Amino acid sequence: MSDNPTTPLVRNAAPVQIATIWGSDRFLVNTPGKWVDLPNATIPQQVGQNTPSFGALFVAVFSAESLVKTQGDNGACFLDITFGGQDPHPIDSNHRFDSSIDMGSEWKSITTTRIMEIPPTIPVVNATAQVRLKYEGGGGTLVECGLQNWVLTIFRYA
C-alpha cells in the first residue's frame, strides 16, 4: 500500500468487525525520546485462516484528552498506533499528537486516524492494534506530558 495513494482505497461493504476500548485514567510519559505503550490501549486482531477474514483493511481511530507542558514551551507528544508491531499509514517520523504551544494551560481533546492493510494470507498473522506515545523536547524541560479519557476504535473491513 502506497503511503501517498493517488486514488482512494474503496471497500463496498460494511465492516466485518468493530472493536472499541477506552480508559479514563491519566497516563504520563516520563522518559523523553522513548516510545511507550499506552496501558490497556490494545485491541487483539489477527488475519488468516480461522479468523474473521483472511486479509483486512484496518481503520484505527484514537481520541484522547491531551496535555503537554514544558519549561521553554517547545515540547511535543508523539502518538502512533501499530498493528502487530508494524507501522501503519501514513508512515512518517513526525507523528505529533499534541505540543506545548499553548504553554500546557489546558487539556484538549485530539483525534488521530491510522490505516493498515494486510493482504490475504492463510497462515495467521498478528495484527494487534497498540497505541504508543513518545515525548520529545526541543531543549525544554518536561513538566507534564500525558493523556486521559481516551477511546480506541478499530474498524475491520474484509
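The values are calculated or read from the model by the stated rules, or taken from the named source; none is laboratory data. Just so it is clear, the model here is predicted, and its values are computed rather than measured. Cβ sites come from the backbone with ideal geometry, for glycine too, and all protein chains shown count toward neighbours. Side chains are part of the model used for accessible areas, which takes the heavy atoms of the whole protein and leaves out ligands, DNA and RNA. Shrake-Rupley method; radii C 1.70, N 1.55, O 1.52, S 1.80 Å.
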Given R₀ = 22 Å, what would the calculated FRET efficiency be for Thr121 paired with Ile91, taking r from the Cβ atoms and rounding to 0.05? 0.60
Reachable aspartates and glutamates from Lys108, criterion Cα separation under 12 angstrom, eight or more residues apart if same chain: Glu65, Asp98
Taking only Cα atoms and a 10 Å spring cutoff, compute GNM fluctuations for the chain and point out the largest among Gln148, Gln71, Gln46. Gln71
Given the C-alpha centroids of region 1-21 and region 73-107, what is the distance between them in whole angstrom? 22
Simple spin-label model, 7 Å along Cα-to-Cβ: Thr31 to Thr113 in nm? 3.4
Please build a GNM for the chain, connecting alpha carbons under 10 Å apart, and tell me which residue among Pro123, Pro15, Pro90 fluctuates the most. Pro123
Length added when fully stretched, Asn50-Arg132, from 0.36 nm per residue minus Cα-Cα: 26.7 nm
Given a Förster radius of 35 Å and the C-beta distance between Val151 and Met103 as r, what FRET efficiency does 1/(1 + (r/R0)^6) yield to the nearest 0.05? 0.85
Surface per residue (accessible, 1.4 Å probe) for the chain, Å²: 53
